[in-house]
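Taking it in order: structure first as structure tokens, then the write-up.
The values are calculated or read from the model by the stated rules, or taken from the named source; none is laboratory data. Quick caveat: nothing in here was measured; it's all calculated off a predicted structure. Here the Cβ is made from the backbone with ideal geometry for all residues, glycine too, and neighbour counts use every protein chain on show.
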């Protein structure tokens, strides 16, 4: 198996996220993209999908540009990263960026949804774990502190990613969403 592209993507992501910590977790940020990549690996062995999962937060959270991703890893990886990036330079506030992201994911290809699901399941695992430990005070660590807003977003993600319902990753994601947010908002 040729893993040259994936190896380079992992090294690139490690350097880009070097010295950063996952908010409120006390561990290096790179753990999250590596978990997202491992989740994607349960759905596909496509090296470009795995590379995009490893790189999915570098444009959003570091000084790396989408053009740099394109030049280093090609058009397809850049497109996959773009679909999963919540770009703050759009000028939209948090809620509208999330709405924009939901629309992109809902209309995305299956491959783009696989990368998105890797990220979202990794996030949902952390949310479920921390919410179970901390209870309602957990939401205070976020800029948006209303649990109902997070419930809206994650239930909308279940709908947007439902094309992947045949995968164990989606089934786990849906289970955790309903565990943390049992009532689907209208």
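Rundown of residues vs (1) part of a helix (DSSP H, G or I); (2) touching a residue at least 40 places away in the same chain (Cβ under 8 Å), yes/no style:
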| position | (1), (2) |
| --- | --- |
| 15 | yes, no |
| 26 | no, no |
| 32 | yes, yes |
| 40 | yes, yes |
| 45 | no, yes |
| 51 | yes, yes |
| 67 | yes, no |
| 80 | yes, no |
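Given the conditions (1) farther than 16 Å from residue 114 by Cβ; (2) modelled with pLDDT under 95; (3) surrounded by 13 or more Cβ atoms within 10 Å (Cβ to Cβ), report the number of the one that residue 10 does not fulfil. All conditions pass for residue 10, except number (2).
When the residues of region 73-93 are filtered to those that are touching a helix residue (DSSP H, G or I) at 6+ places or on another chain (Cβ under 9 Å) and under 23 Å from residue 149 (Cα atoms), the one that is surrounded by the most Cβ atoms within 10 Å (Cβ to Cβ) is 84. Do the conditions hold for residue 173, that is, is it modelled with pLDDT of 95 or more and over 27 Å from residue 62 (Cα atoms)? Considered against the rule, which asks whether it is modelled with pLDDT of 95 or more and over 27 Å from residue 62 (Cα atoms), residue 173 comes out as no.
Considering only region 74-100, state which residues are under 11 Å from the mean Cα position of the chain (by Cα) and either more than 23 Å from residue 43 (Cα to Cα) or at pLDDT below 95 (or both). Don't jump to the end; show me each part of the working.
In the first step, residues of region 74-100 are kept if they are under 11 Å from the mean Cα position of the chain (by Cα); the result is 81, 83-86.
Once the filter is applied, which keeps residues that are under 11 Å from the mean Cα position of the chain (by Cα) and either more than 23 Å from residue 43 (Cα to Cα) or at pLDDT below 95 (or both), region 74-100 yields 83, 84, 85, 86.
One residue stands out in region 170-186 among those that are in contact (Cβ under 8 Å) with a residue 24 or more places away in the chain and more than 22 Å from residue 25 (Cβ to Cβ): the one that is surrounded by the most Cβ atoms within 10 Å (Cβ to Cβ), namely 170. Among residues of region 140-169 that are on the phi < 0 side of the Ramachandran plot and without any contact (Cβ under 8 Å) to a residue 12 or more places away in the chain, those with a beta-carbon under 8 Å from a residue that is surrounded by 16 or more Cβ atoms within 10 Å (Cβ to Cβ) and in a helix (DSSP H, G or I) at least six positions away or on a different chain give the pairs 142/150; 145/139; 146/139; 162/170; 165/174.
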